[in-house]
Amino acid sequence: MGEMDRKVAKPGVLLGIAERQYGVVSIGQLRGCGISGDAVKARVALGQLHRVHRGVYALGHRVLSLEGRLMAAALALGGGPRSSGSVLEHWGAAVSHRSALSLWSLLPDNRASCDVIVSGNGGRARRAGIRVHRSLTLVSRDVTLHRGIPVTTPRRTIADLREAISARRGVISNRELRKAIRQANVLGLPIGPRDAKVRTRSDLEADFLRLCRRHRLPPPEVNVRVGPYLVDFLWRERQLVVETDSYLYHRGEVAFQEDHARDLGLMRRGFEVLRLSELQLDEEPAQVAEVLAGRLGLAAGAAK
């Protein structure tokens, strides 16, 4: 054991840091615990430390969780925590872009590399396992802590991704971004007025009627009563009812049961009920039109 290794005041300090950081520590934190460079090399040789990035190590294991990988990437670019300042100043870097969506639970993690943003416009654009984003507009209010990890706010994350799409950088697709924005609305995350618009019933009606016109489907009756039920759309001759559901209104088990009781009541009166989600209207309009055309007995190709 080296001289500096013997100066560790509390053996549990390093373990505590690693536990808070999902099993990873920076070289600066190791030195802050009194572990010298030679001692780090010795611990790597013994399998007590495992190099994740230059200057970042996993303590006692190689396999990292999503949070561990993201924290390690932030430590690698930011150099580790400082004593004071905002979250951005304290950590020096933040998880961003596609990786930030995963950390905010807006999209699943499906990439081997991690996105990290830092202030400025110099330096390398990429490190092994890390996609580096440099920004002259990154300010303190754009970065927060989530699950103890520095990350761009949902609002900044979406703005960064929208810019990346415009610049055709291939970080994310328009479809994935729309899904992430929907999920942010469902979770109630602050994403700014441009993206936090609530789709009203009238908005859904307009979208559905626009779909019918675009695919040359006969116009339905709108908001009409069938027995005790007020239905969204009705093709009376075909006894077809369509109900549209907004993604914002996941109202729980009671509403779920009410919807199914309502559908059963309509079916007992001889009506077929087709329930469509807002996601289907947005992302699968051709398939929706094809199903409707079939239910309405239209000739093949009428909904093209």
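Each value in this text was obtained by applying a stated rule to the coordinates, not by laboratory testing. All values reported here derive from a predicted model rather than from experimental measurement. Quick reminder, even Gly has a Cβ in these numbers, built from the backbone with ideal geometry, and neighbours come from all protein chains shown.
Listing for the model above:
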| quantity | calculated |
| --- | --- |
| Subset tally (residues that are surrounded by fewer than 17 Cβ atoms within 10 Å (Cβ to Cβ), charged (D, E, K, R) and farther than 21 Å from residue 122 by Cα) for the range 133-167 | 3 |
| Flag for residue 87 being within 30 Å of residue 178 (Cα to Cα), under 25 Å from the mean Cα position of the chain (by Cα) and among the β-branched types (Val, Ile, Thr) | yes |
| The range 88-118, residues that are of a type in the set (Gly, Ala, Ser) and surrounded by fewer than 24 Cβ atoms within 10 Å (Cβ to Cβ) | 92, 102, 105, 112, 113 |
| Given (1) touching a strand residue (DSSP E or B) at 6+ places or on another chain (Cβ under 9 Å); (2) on the phi > 0 side of the Ramachandran plot, number of the condition residue 136 does not satisfy | (2) |
| The listed residue being of a type in the set (S, T, N, Q) and in a helix (DSSP H, G or I), out of 110, 185 | 185 |
| Residue check for residue 31: over 18 Å from residue 145 (Cα atoms) and exposed (fewer than 14 other Cβ atoms within 10 Å of the Cβ) | no |
| Residue 144 being assigned to a strand (DSSP E or B), under 30 Å from residue 19 (Cβ atoms) and either out of contact with any Lys or Arg (no Cβ under 7 Å at 6 or more places or on another chain) or not small (Gly, Ala, Ser) (or both) | yes |
| Failed item, numbered, when residue 26 is tested on (1) surrounded by fewer than 15 Cβ atoms within 10 Å (Cβ to Cβ); (2) out of contact with any Lys or Arg (no Cβ under 8 Å at 6 or more places or on another chain) | (1) |
